[in-house]
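Since the structure comes first, as structure tokens, the remarks are kept for the end.
The values are calculated or read from the model by the stated rules, or taken from the named source; none is laboratory data. None of the values given here were measured: they were computed from a predicted structure. Note that each Cβ is placed from the backbone with ideal geometry, even for glycine, and that neighbours are counted across all protein chains shown. In case anyone asks, the SASA skips ligands and DNA or RNA and just uses the protein heavy atoms, side chains included. Shrake-Rupley method; radii C 1.70, N 1.55, O 1.52, S 1.80 Å.
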Amino acid sequence: MSLQMVTVGHNIALIQPGFSLMNFDGQVFFFGQKGWPKRSCPTGVFHFDIKQNHLKLKPAIFSKDSCYLPPLRYPATCSYKGSIDSDKHQYIIHGGKTPNNELSDKIYIMSVACKNNKKVTFRCTEKDLVGDVPEPRYGHSIDVVYSRGKSMGVLFGGRSYMPSTQRTTEKWNSVADCLPHVFLIDFEFGCATSYILPELQDGLSFHVSIARNDTVYILGGHSLASNIRPANLYRIRVDLPLGTPAVNCTVLPGGISVSSAILTQTNNDEFVIVGGYQLENQKRMVCSLVSLGDNTIEISEMETPDWTSDIKHSKIWFGSNMGNGTIFLGIPGDNKQAMSEAFYFYTLRCSEEDLSEEQKIVSNSQTSTEDPGDSTPFEDSEEFCFSAEATSFDGDDEFDTYNEDDEDDESVTGYWITCCPTCDVDINTWVPFYSTELNKPAMIYCSHGDGHWVHAQCMDLEERTLIHLSEGSNKYYCNEHVQIARALQTPKRNPPLQKPPMKSLHKKGSGKVLTPAKKSFLRRLFD
């Protein structure tokens, strides 16, 4: 195992706890930064290129028929091929945290629309579910199993916000373990079915999952209700006959106590578990080798990397699986130094051999929903986000860099309203119109009635007018209500103009007549 430090370009601030890495044919793509991206990459997907231990991020391109994909943090992701022999490589994205701190219940399918040289254009589609739809969550897993020539998604675990009836002002963002139900999801027809298995008694989050053929193995995890990390090891087997699917669970010995660990594949049937936490305030510094057989799983400790002193003494760490036995790790910077970076990054290579696409087995692990500054540094609420595989792209094209001002945690939903009958602001097609806009349309408040927001562009406001109104405290009325507002106003009574009487155009005591130029000047003066 070899550990190398990685330097990051000018967009280092994009990489925050909660990101995911996705591998498409050997190229790695970064997804889900902390704040809203700038206009050059409205979905928050970037090429993730490491060359000579230097990382560059470059915005990815999406096809015109793609749906809107928000930059979700801490989602569950897995690769998907439709059938085990299919060549079409896709990624499933479910749940996660939206930029306005809400939890998503949507399923997105990302695929490659076209690929020219090393430029990749993605297509993203949203899949509607019917049946037993899983509630919004994070810290869960989603895997794909294959049985009898068919495929099915298996979703398990995670945390969700408490029901609104149980939430208080002081604990509005409190979360609870999701029920320990197993969901089977048919990605072709969008059907979801929930199964209650007696072996699964407690809700688990931040566990490790490995899918092989018709079986999913669940390792470790954290139970919020009991605040323990039990040494769990479950085998969930899914049979897909022509009729109703059969799902059964077996409790196996030899599990490990760990949460938020990173899993990477090093061989056909071998995986390495790195990182995570074994106690609330203690990182798990040892690594484990997982070997799979046709119906067996073995977990053993292996030689640990030569961790640097910074990694050993850091309170938290986070990262993701780049694929081909390589892991990307991050730790907080030393904030005692004035010029310290926010985070330091490393690559950990666990295997010297590259795997072909046919050899890769889907593996997942989960992350939590909080940032290091949002909670105590030892909780599962700031752990990892992991997924699958490696990278390469060329070009030093410049693009909009990350701006910390983009990290507003405001509710995004209100920006995509229909503000008037002619409003054409759409979340999928909107582009910046004013120079002051970054990622949201500029809005202005109409004071009519109880008040409402309208888009400045729909109101045909000039930019200087918009800026002027935003700086003052004057009331504004939109195009629909401006006439009503004017009718309610009482016109000011202006006193009549006092015009002085016309004076003689002749100077007193002189018999001379004024010139026409002087007459005109006097008229303008007295009028």
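Quick rundown of the values:
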quantity	calculated
Inter-label distance, nm, simple model (7 Å from Cα along the C-beta direction), Val6/Thr418	4.5 nm
Carbon/sulfur fraction of accessible area - the range 152-308, other protein chains in place, 1.4 Å, %	51 percent
Centre separation in Å (Cα based) which lies between the range 167-242 and the range 430-483	46 Å
Highest-first arrangement of 61-73, 270-282, 423-435, where packing means the average Cβ count within 10 Å	270-282, 61-73, 423-435
Theoretical FRET efficiency, 1/(1+(r/R0)^6), r = Cβ-Cβ of His468 and Ser309, R0 51 Å, to 0.05	0.40
Solvent accessible area, Å² - Lys475, 1.4 Å probe, full protein context	150 Å²
